[in-house]
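Data block below; observations after.
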Amino acid sequence: MPIFNKENLTPKNYDHLPLSDRTREMEQAYQDFKQTPESKICPFCSKQMLVKEYKYWILLENRFPYSMKWKVCDMLAPRRHTKLSKLSLCEIGELITIAFSGDLKGYDCFQLNANGTSSISEHDHLQLLKGKL
């Protein structure tokens, strides 16, 4: 089903897009981004969209949020380029401290994609979500 672009009222067809919690426009922007050289750079290692830094963790704004369901979609990732299953005791300890210190108080929930379904699978992260629509 075509969607009309508000700027010029030309139809845009999004039928080719995968199912997603992003709006169709955001999903299209994400798919377009994945075709660029910039998409090969880990957003966590480069600290793109940085909100806050901890000793072992970084909090970033999601550049392509899941705005079909949530008003805010941020991401918490280890500073080190790693999988969550390979976290050190210090990293795990700080994650627990962050979770219970009140820093995440404004979020409604967090999400961890399982079984390699994350779009950034080589650097695991948690989705921090608030404002369910």
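The values are calculated or read from the model by the stated rules, or taken from the named source; none is laboratory data. Note that the structure is a prediction, hence the values are computed from the model and not measured. Note: ideal-geometry Cβ built from the backbone for every residue, glycine included; neighbour counts use all protein chains shown.
Things worth noting here:
- Selection within segment 89-116: residues that are in a loop (DSSP other than H, G, I, E, B) and in contact with a strand residue (DSSP E or B) (Cβ under 7 Å, 6 or more places away or on another chain). The member of this set that is modelled with the lowest pLDDT is Leu112.
- Residues (within 11 Å of the chain's Cα centre (by Cα), farther than 12 Å from His125 by Cβ and of a type in the set (Phe, Trp, Tyr)) located in segment 42-89: Phe64, Tyr66
- Of all the residues in segment 48-85, those that are in contact with a strand residue (DSSP E or B) (Cβ under 6 Å, 6 or more places away or on another chain), loosely packed, with under 14 Cβ neighbours inside 10 Å and in a loop (DSSP other than H, G, I, E, B) number 0.
- The number of residues in segment 6-47 being of a type in the set (Gly, Ala, Ser), modelled with pLDDT of 80 or more and not in a helix (DSSP H, G or I) comes to 1.
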